[in-house]
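These notes are about the structure you will find just below.
Quick note: the coordinates plus some simple rules give every number you see, no bench work behind them. Note that the structure is predicted; figures quoted are calculated from it, not measured. Methodologically, a virtual Cβ is constructed for each residue, glycine included, from the backbone with ideal geometry; neighbour enumeration extends over all protein chains shown.
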Amino acid sequence: MSPTRMRVSLFSAAILSLFILVACESAMPSDPTPEEGLALEEAALSSNEALPCGTSEVTRGASTSQPDGYCDNTKHLATYKKSAVPPLRIAVHVVRSGTKKSLAPSSVPALLSKAEAFLPSGFALDLAGPVDVVNVPWAWNLSLADFDALVETHDAIDAIDVWIVHGFAGLCGRATSIGPNDGFYTGNDALVMVAKCGAPTLAHELGHLLGLFHTHHTAAAKSCSSSGDRCCDTPSDPGPSTAFPEGAGTCGPAFAPACLTQCSGGAKPDPGNVMSYYACKDSPGKGHFSACQRARMACHIARHYGYATVAAGGA
């Protein structure tokens, strides 16, 4: 082999080795960059797939029991299954970067109205004052590392804070806690959602703030009150692939209108439950909460979120 060809071969081998090294490093699990997260969101939403929620009972460290034992007691919950619920006041913060807004402020009332359609019967959302448009360029495509910094920017004294961003690390949303003061986050009662994920995500994250776990929270056990989401009227749910590691991730996707899914082991989850990870829940008329979930949410509003209701804060 001539020296020139040898030099070319060695150069080609070096380039190939570098490519393999970069590819292997890229395959290692890590939090996506804001740009990578935005690409994940756009790809999933364009194919009608459900994006995961960032309120992970695993990564946030939530315990296996409800933060409020009273609202986890079957006898106590019975009084809240059909009780009247005052409207929740929602303080909306639209993140902008320069002249770009994550959502037009004029679209916020429609967002709240559409979210109400996913909430249990009798639940309502009330916009607390004008929409707050904030210029926070670093939160336009929010990273997981900056989540706490964003929600701590403002704390409404008479409402739940809802932050609307353009992108969020491949997620659709995240709540600060499972129920009030879950022992792992004691700051603001707030949530972050990606604008294009819309009303189903707002309803889902509000469910977390009002004490609800994901339907695939833990594997099925002998007692339905101590496994899954702790509600005995939600079927056992291993969860789809996006539910891993919280759930087993052994179920296929479920899309509207058929909303059918197949799970290994014969489980038959409810793919329309708003607290699940199935795309079916995101379709109007399909997404819903169970009676137990409704009672637990009403209980938390009565016991912990009175400050954020119209009755307390005024119209």
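Ordering of 130-141, 284-295 by packing is 284-295, 130-141, highest average first (other Cβ atoms within 10 Å, averaged per residue). Per-peptide packing, taken as the mean over residues of other Cβ atoms within 10 Å, places 199-212, 239-252 in the sequence 199-212, 239-252 from highest down. Charge dipole of region 80-215 (Cα centre as origin; +1 on each Lys and Arg Cβ, -1 on each Asp and Glu Cβ, all else neutral): 520 debye, rounded to the nearest 20.
Could you tell me which of the pairs K100/K286; K81/K196; K196/K286 are separated by over 27 angstrom between their Cα atoms in the structure shown? Beyond 27 Å between Cα atoms: K100/K286; K81/K196.
Cα centroids of region 237-315 and region 109-142: 19 Å apart.
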